[in-house]
There are 4 protein chains.
Amino acid sequence: MHRFELRVRYGDTDQMGFAYYAHYLRWFEIGRAEMMRAAGLSYRDIETEGISLPVLEARCRYFKPARYDDRLAIETGVRSLGRASVRFGYRILRLDSEEVLAVGMTEHCFMDRNDRPARPPRRLRELLEQAPRLPDEDVRRSREA
Amino acid sequence: MHRFELRVRYGDTDQMGFAYYAHYLRWFEIGRAEMMRAAGLSYRDIETEGISLPVLEARCRYFKPARYDDRLAIETGVRSLGRASVRFGYRILRLDSEEVLAVGMTEHCFMDRNDRPARPPRRLRELLEQAPRLPDEDVRRSREA
Amino acid sequence: MHRFELRVRYGDTDQMGFAYYAHYLRWFEIGRAEMMRAAGLSYRDIETEGISLPVLEARCRYFKPARYDDRLAIETGVRSLGRASVRFGYRILRLDSEEVLAVGMTEHCFMDRNDRPARPPRRLRELLEQAPRLPDEDVRRSREA
Amino acid sequence: MHRFELRVRYGDTDQMGFAYYAHYLRWFEIGRAEMMRAAGLSYRDIETEGISLPVLEARCRYFKPARYDDRLAIETGVRSLGRASVRFGYRILRLDSEEVLAVGMTEHCFMDRNDRPARPPRRLRELLEQAPRLPDEDVRRSREA
């Protein structure tokens, strides 16, 4: 899987002393953007070519809290690729301990400039086909992580 | 279901012109806080009594985008209540059209001051038992909405 | 001055137990949007007519912290109106105590669809001329508040 | 000055296509945290020792917009150090062009665990005395950058 590192910032924390739960979806965005960049195509370029990937669904399961100043790794891969949609999978780890803090997924469609469903350009499709793969199991309720 | 209204703000939008997907989890937080307040117990009071409800899982399915200045309604109910956890369900509607823009769920455990699992205080349990109920169907991939 | 009420949400807090300082600028945005709406012209309509008001400068002075679930009032007025720019002033109050928690200002230019400086449309100019006024004193360093 | 690099993320943008103005204050937070870390003392350690640095004032002047996926540099230095407060100064640059996009400052007091003003511990004081210095000119209205 592709790996990208970042830190929990003060503005990410809440009064429980944990990173607020919505920020994980932001970290997922960072993970998929950096995975695509590493594969040779930035999401900015994709949008410039007229295709965007709006989110159809997002899920996150939280196992252990991320705390202020923790160094995290976001691992990102492709779970499944359909004609008109793609699912990414994510794991958030604390770098010092390599503990998995959270796992998640996002599903996206391909949309053209007129906000209509579209086929992805060939270069994007190839990139997603060759991206690191994750088994497309569901994000289950059991605590397997 | 309990209903709370808010507006999409400029800071919620992204360059696609839609509300950024992570903000929906924030709206869910507002929904459950206001549902509890309407039922007679604020989440602030719950925390003051030493119990917090950290999130174990969050899901959101996005059907139509929310846009700047849209008036939204957040509908919130309890999906299921276990000994040590509770699941809330949510619907986000655009007020003008009453279209459902998104549905979601969050699952929480009860935690005491020492970050250990705890039984909810009786008053909180009663509140959650009497809260508006939603069938605990999964947030499915099919586009029923 | 125009007054708009909101609540501090969990996602606004940080591990100090205070509302994170960047959120005040978001509250200022809400204040000026609601002031304009109350005066008869929504910021969405302004943008639809091809004019936007990007921020040139923002300042905030923090006197007392806002905390989770606090009910706040945002007071907004116009400080000064130039040919090509406008300054808004803000006060954030805690509603229960009417304490002033923060004061601030933002300065904006008028920009057309081509990202060029523009004169505001007459209706917007009139609205800003008739909006609640604040003396255009600087947000000073002295702790008067 | 100390320099730290980051990227503008999708969640930072707004429908104008620019980074939303409140995020700059978040970038300032990252800048001062990383400057302190580079000087040998993390802000997490400072808080662990019982001292926090709540913000008294924040200012930002915006010259040119930051856009999605732009690589930015945050330059951070100390503007002035008093007995009970410290002012940091910041510059946000676009890395490709080395253009200055924004400048800003934040002023902080030192606070102990009981939310009372405090003297900074010696190690923190020494760090701030030896940190990169910026002239303590005001963030002026003139467009000099």
Inset, instruction - Given the conditions (1) open to solvent by 20 Å² or more (accessible area, probe 1.4 Å); (2) modelled with pLDDT of 95 or more, report the number of the one that C:ALA84 does not fulfil. - result: (2)
Inset, instruction - Go through region D:51-69 residue by residue and tally those that are facing another protein chain (nearest Cβ under 8 Å), in contact with a His (Cβ under 8 Å, 6 or more places away or on another chain) and in a loop (DSSP other than H, G, I, E, B). - result: 1
Inset, instruction - Of the conditions (1) farther than 21 Å from C:LEU25 by Cβ; (2) of a type in the set (Val, Ile, Thr); (3) within 11 Å of the chain's Cα centre (by Cα), D:THR48 clears all except one; give me its number. - result: (3)
Inset, instruction - Inspect region D:70-79 for any residue being within 13 Å of another protein chain (Cβ to nearest Cβ), without any contact (Cβ under 8 Å) to a residue 60 or more places away in the chain and on the phi < 0 side of the Ramachandran plot and give the result as yes or no. - result: yes
Legend entry - Given (1) closer than 23 Å to A:TYR20 by Cα; (2) open to solvent by less than 30 Å² (accessible area, probe 1.4 Å), index of the condition B:ARG44 fails: (2)
Inset, instruction - Output the qualifying pairs, or none if there are none: Cβ atoms under 6 angstrom, residues six or more apart or on different chains, first residue in region D:11-37 and closer than 19 Å to A:THR48 by Cβ and away from chain C (no Cβ under 12 Å), second residue buried (at least 24 other Cβ atoms within 10 Å of the Cβ) and of a type in the set (S, T, N, Q). - result: none
Legend entry - Among (1) within 30 Å of B:ILE46 (Cβ to Cβ); (2) in contact (Cβ under 8 Å) with a residue 40 or more places away in the chain; (3) out of contact with any Leu (no Cβ under 6 Å at 6 or more places or on another chain), the one test that C:PRO132 misses: (1)
Inset, instruction - Kindly provide the set of residues from region A:111-135 that are assigned to a helix (DSSP H, G or I) and in contact with a Gly (Cβ under 9 Å, 6 or more places away or on another chain), ordered by number. - result: A:ARG123, A:LEU127
Legend entry - Flag for B:ALA22 being more than 19 Å from A:PHE18 (Cα to Cα) and among the aliphatic types (A, V, I, L, M): no
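The values are calculated or read from the model by the stated rules, or taken from the named source; none is laboratory data. Since the structure is predicted, the reported quantities are computational estimates derived from the model, not experimental observations. Cβ: placed from backbone, ideal geometry, glycine included. Neighbour counts: every protein chain shown. Heavy atoms of the whole protein, side chains included, go into the accessibility calculation; ligands, DNA and RNA do not. Shrake-Rupley method; radii C 1.70, N 1.55, O 1.52, S 1.80 Å.
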